[in-house]
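See below for the structure under consideration.
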Amino acid sequence: MGAAVDLHWIPLGAGGHVVRLNGCAFEALAAALARRPRADLFHAALVVEVDGARHTIEVAPSPDGQGEARGVVATGPVGARPLGRLRLFRYEVRCWRDGDVPDLAHAVGAPWRLTTDPVVARRVLALVAQVPTPVWGRDQLRAGEMWNSNSVVAWALARAGLPVEVVPMPPGGRAPGWHAGIAVARRGGATHRQGGCT
């Protein structure tokens, strides 16, 4: 039976004006501080097919308490750890069998196929539930940049042994947090939790 791990690059804020505006403001400041041209910002999502099932892996805000229905395997705080007690300031890591990535239709270009090895695909699914969940938007793990959705995807892929350092970004784009996920994955020390991606 076939297998595939596909990475999709989705423009930040696709389908939502607030996120897009905040992203533009962040990139304008980051570009000014680094004295470089502005880039388009992207966030990563994964689609994993193995053993006759299709799983979508992404990070998103936590809209309600029905996480099991969306394949939620982990949650974390946004902005500051105490704020994570409020749902408004919480993100969730989803590994959703037969699930959707709402903005997948906005992805740029064809997906980047990382592997067709079923063993590696299963490993990615198993690792998603072990991803660290530090505060979103901060560098609590001292990886050199903030932790976010790109960090989660990069961490899972790097821990699965996939060559994430050579994954190309869309032309003129960048993915903040990607290198943080790789750096933390290289240190080892997964966070073990009950459950997983089924």
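Some points to look at:
- Equivalent ellipsoid, the stretch 77-156 (semi-axes from 5 times Cα gyration tensor eigenvalues, Å): 25, 16, 14
- Charged-residue dipole, Cβ positions (Lys, Arg, Asp, Glu), the stretch 4-187 about Cα centre, Debye nearest 20: 640 debye
- Take each peptide in 57-67, 97-107, count the other Cβ atoms within 10 Å of every residue, and average; sorted highest first, the result is 57-67, 97-107.
- Cut-off under 5 Å, modelled amide H: who pairs with HIS43 long-range: ILE10, LEU12
- Taking 4 °C and 1.567 mPa s as conditions, the stretch 56-198 diffuses translationally at an estimated 83 µm²/s according to Stokes-Einstein applied to its Kirkwood radius (Cα pairs).
Only the coordinates and a few stated rules stand behind these numbers; no lab work does. These figures come from a predicted structure and were not determined experimentally. Note that we place each Cβ from the backbone using ideal geometry, even for glycine, and neighbour counts take in every protein chain shown.
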